[in-house]
Amino acid sequence: MRFVVLLLACAVALPAAAQPYPSKPIRLVVPFAPGGSSSIVARVVSAEMSKDLGAQFVIDNKPGGGGNVAMLEVARADPDGYTLIIGHIGTLAVNPFIFSKLPFDVNKDFVAVSLLTKVPNIFVVNANVPAKDLAEFVALARAKPGQLNYGSAGNGSAGHLAFEYLKLVAQVDVTHVPYKGTGPQLTDLLAGRTDASSAGTPPLLPHIKAGKLRAIAVGTPQRIPVLPDVGTVAEQGFPGFETSQWYGIIAPAKTPEAVVKRLSEEAAKAVKAPLVLERFAADSALPVGSTPAEFAAFIREEQARWGEVIRKAGIKVE
C-alpha cells in the first residue's frame, strides 16, 4: 500500500518538477509612472527577451515613494522568476542613504540579474551664462561663491545628486533650487531664472540644439555621439567622475540561480538586438547587458559613490 501511495505521489510531483522555465507570463514591475525612461527600457528590452524565452512579459507600473512602494512588493513576492523589477540608480544606490528607514534591504532582499543600459547625465547652463565649458563654469562659480544656482527635479533626484557630486569634486558653491519635476525646473532654466542643471539627454537635447541651453559637460566616461564636441567631466579636469542614470533587472532574493542565469543571458542578447539599439540611440542610452555578478559589483560601486555624496551634501528625505 505504501508503495502505491509513493508511486502516486511521484506521478503528481514529477510533471511540476520537470516543467521548464518560463511556462507562464513574467511580470516586470516598473517602480515609476508610465512614460518615463524606465518604462521605455522595460518595454523595449522585455519585448526582445520574450522572443527566445517564449513567454510574454507583463509590464506593471507601480509608482510611489520614490520607487519604494514597488520595491517592497517585489521583495515580498515569490522568488520563482515570475516577478521581476526594474532596478534603478535611485532605488538601489540612492534611496538606501537618503531615507532614514526602508522596510526592505536592497542588498539582502534582491538578487541582481543584468544591468541593461546607462543614460548619460549632461550638465547645461542657460544661454546667458558666460561659460562655454566646464572649466569656465567652475571658474565663474569660484569667483561668485553662492551666487550661481542650479535647478533639479527635486530633492534626491538624479540631477540633484549629479550636481552635488560635481560641486564636491570641483569645490564650488552653487545653490540648489529644487522643483517638482523636470518640466518645471526646465521652464525656469530656459527663462533664465536659474543658471544651470543636470539631467538625462532626452529632455535637454532639443533645447541644446535650439541654442537655448549650452551643454558644458557629459557625465559618462566617454563622450556621447549626439554631443561629440562636448567634453566629459573626467577629461575636463576631474578624473574618475562618472554619473549616469542606469536601469537593470533584479529579482526577489532566493530566486533559483538557473533562472537568474537564463534571464541574464537573454537580457544581454536583447540589449544588443538591432531594434533595441535603435531605440536606445534615440535617447543616447548605452547598452550594457551584464552578468549577475557584474551587475551586483556595479551596484556596490554606485552605492559607495552616492553614499559618500549624500553624506557629504547632507541630503535627506523623510
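The values are calculated or read from the model by the stated rules, or taken from the named source; none is laboratory data. On a predicted model such as this, the values are computed, not experimentally measured, just so you know. Cβ sites come from the backbone with ideal geometry, for glycine too, and all protein chains shown count toward neighbours.
Among the residues of segment 270-288, none qualifies, meaning not one is more than 25 Å from S39 (Cβ to Cβ) and assigned to a helix (DSSP H, G or I). Every test in (1) farther than 25 Å from F163 by Cβ; (2) in contact with a helix residue (DSSP H, G or I) (Cβ under 8 Å, 6 or more places away or on another chain) is passed by A75 save one, and that test is (2). So if I check each of G87, G65, which one is surrounded by 16 or more Cβ atoms within 10 Å (Cβ to Cβ), without any contact (Cβ under 8 Å) to a residue 24 or more places away in the chain and not aromatic (F, W, Y)? Of G87, G65, the one residue that is surrounded by 16 or more Cβ atoms within 10 Å (Cβ to Cβ), without any contact (Cβ under 8 Å) to a residue 24 or more places away in the chain and not aromatic (F, W, Y) is G65. Residues in segment 75-87 that are farther than 17 Å from F99 by Cβ and among the hydrophobic types (A, V, I, L, M, F, W, C): A77, L84, I85, I86. Here L205, L148, L166 are screened, and the one residue that is of a type in the set (A, V, I, L, M, F, W, C), in contact with a Ser or Thr (Cβ under 8 Å, 6 or more places away or on another chain) and more than 21 Å from S284 (Cβ to Cβ) is L148. Being more than 25 Å from L161 (Cβ to Cβ), modelled with pLDDT of 95 or more, in the same structural domain as D78 (by TED's automatic domain parsing) and charged (D, E, K, R) holds for only one residue in E265, E294, and it is E265.
Give segment 96-117 a look and list any residue that's within 20 Å of I249 (Cα to Cα) and either among the β-branched types (V, I, T) or buried (at least 24 other Cβ atoms within 10 Å of the Cβ) (or both), or say none. Residues satisfying the conditions are V106, F110, V111, A112, V113, S114, L115, L116, T117. A residue that is among the hydrophobic types (A, V, I, L, M, F, W, C), closer than 30 Å to I208 by Cα, without any contact (Cβ under 8 Å) to a residue 12 or more places away in the chain and surrounded by fewer than 20 Cβ atoms within 10 Å (Cβ to Cβ) cannot be found anywhere in segment 123-132. Hey, could you check segment 174-196 for residues that are assigned to a loop (DSSP other than H, G, I, E, B) and modelled with pLDDT of 90 or more and say which is nearest to A143 (Cα to Cα)? The selected residue is V174. Within segment 297-318, restricting attention to residues that are closer than 16 Å to T243 by Cβ and of a type in the set (D, E), which residue is modelled with the lowest pLDDT? Here the residue is E308. Would you check if there is a residue in segment 52-61 being part of a helix (DSSP H, G or I) and over 22 Å from I299 (Cα atoms)? Among the residues of segment 52-61, at least one is part of a helix (DSSP H, G or I) and over 22 Å from I299 (Cα atoms), which makes the answer yes. Among the residues making up segment 219-266, those that are β-branched (V, I, T) and either part of a loop (DSSP other than H, G, I, E, B) or under 13 Å from I122 (Cβ atoms) (or both) are T220, I224, V226, V230, T232, V233, T243, T255.
Flag: T187 matches the condition of being among the hydroxyl-bearing types (S, T, Y) and over 21 Å from the mean Cα position of the chain (by Cα). Residue check: P130 meets all listed conditions (1) closer than 30 Å to E265 by Cα; (2) out of contact with any Ser or Thr (no Cβ under 7 Å at 6 or more places or on another chain); (3) not acidic (D, E) but one, namely (1). Do we find that A143 is over 25 Å from L227 (Cβ atoms), modelled with pLDDT of 95 or more and surrounded by fewer than 18 Cβ atoms within 10 Å (Cβ to Cβ) in this structure? Yes, satisfied.
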